[in-house]
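Worksheet: the structure to be examined is printed underneath.
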């Protein structure tokens, strides 16, 4: 029966979406760190670092806003929660501002990103982290900047680095081949003609020359030098602009160059998808963490460490409540319609489970503990297999048998038991 039940759990797990971890470590946060000498007010970053953790990697996030002074900044409401969300997953994180148009023109923006990368690498190294495990993540115009710096080597070479100095790129919510120019093999002469016809256009004023415009078009610079790349496309902005089409072509060309690359579709719109990133169980964050995990050495990064800790803590709470005779607290660890399957019977629902664990004081165990041998995650489902042990009274023989728990992640990020089965003690 247990084998059939476990098989059905795996089917259920495969239908659910990704969710993310939540570590409780309080981070250290350095605010307004300048990343150049004699900095402009925009040339600062915030650096977040988990305390008491071996930090496997760091993310540098670039905000959107059209590269325009009227746009967003790193502390804008949609972007301020980004770094805390990555820290909750056990990662270091920095978020940087950069000089903006019209006070500054291209290439001020990618030059600032390159300088910020140098500063973040130094901050990571000072804290015992690995500078080469730095991922560049951008949204909207920040996505464009991340893609340019990760594909066109000139910006990182100017600060003594290469695109290979980055562990990977996460590109969310931007076109990657402006006006399909690389696809159409447009050259500087053709683009210069467009600039001449539209001298007052904001894009003409931003880039200044056709040479700079091509330098800032990521698709013109693809090749085996590009670090591993994840393109993230919100469902509601697949076609206008052509983010999905260009993203898919971008990924294909990288794969043809033997660069690890992928594209994921995530729920929501342009802004809603990034605003949801810090929500418990957000599938976009789950996809990003999975990508980061694939680029790191095996066992260095557990993107579900927070969930694993939450489940093991709940198991210990179960044992404490059971020994104390607090059947209501035990039942609260189960979902409202949970199924308890002790040998020979089924107990359905939280109220019935509370009655099942209700025992008079003279029949309460002296000790109870659970030792998990494996917790595997399948989206919002966790399968916990291990051994429970019970001692009916002090100095009595310990009874120990195998258990199988299926935990479901709740909307508030907590975990509760949906199915609980165990073997009848032998002997």
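The values are calculated or read from the model by the stated rules, or taken from the named source; none is laboratory data. Predicted model, so just to flag it, every value in this text is computed and none were measured. Note: ideal-geometry Cβ built from the backbone for every residue, glycine included; neighbour counts use all protein chains shown.
A few comments on the model shown:
- Residues that are more than 16 Å from the chain's Cα centre (by Cα) and at pLDDT 90 or above, drawn from region 269-316: 311, 312, 313, 314, 315, 316
- Within region 249-278, considering residues that are in a loop (DSSP other than H, G, I, E, B) and touching a helix residue (DSSP H, G or I) at 6+ places or on another chain (Cβ under 8 Å), the one nearest to residue 72 (Cα to Cα): 269
- Listed conditions (1) over 26 Å from the mean Cα position of the chain (by Cα); (2) part of a strand (DSSP E or B) are all met by residue 394, apart from (2).
- Criterion: in a helix (DSSP H, G or I), modelled with pLDDT under 95 and buried (at least 22 other Cβ atoms within 10 Å of the Cβ) - qualifying residue of 212, 246: 246
- Considering residues of region 141-160 that are touching a helix residue (DSSP H, G or I) at 6+ places or on another chain (Cβ under 7 Å) and part of a loop (DSSP other than H, G, I, E, B) only, the residue farthest from residue 213 (Cα to Cα): 159
- Condition broken by residue 85, with the remaining ones in (1) touching a helix residue (DSSP H, G or I) at 6+ places or on another chain (Cβ under 6 Å); (2) over 30 Å from residue 406 (Cα atoms); (3) at pLDDT 90 or above satisfied: (2)
- Here region 168-188 is the region considered, the condition is being at pLDDT below 85 and not in a loop (DSSP other than H, G, I, E, B), and the residue that is surrounded by the most Cβ atoms within 10 Å (Cβ to Cβ) is 178.
- Test for residue 367: is it in contact with a strand residue (DSSP E or B) (Cβ under 8 Å, 6 or more places away or on another chain) and closer than 23 Å to residue 415 by Cβ: no
- Selected residue [closer than 18 Å to residue 167 by Cβ and crowded, with 17+ Cβ neighbours inside 10 Å] from 277, 289: 289
- When residues in region 317-366 are screened for being under 22 Å from residue 404 (Cβ atoms) and either modelled with pLDDT under 90 or in a loop (DSSP other than H, G, I, E, B) (or both), 10 of them pass.
- Number of residues in region 215-242 that are outside any loop (DSSP other than H, G, I, E, B), crowded, with 17+ Cβ neighbours inside 10 Å and modelled with pLDDT under 90 equals 1.
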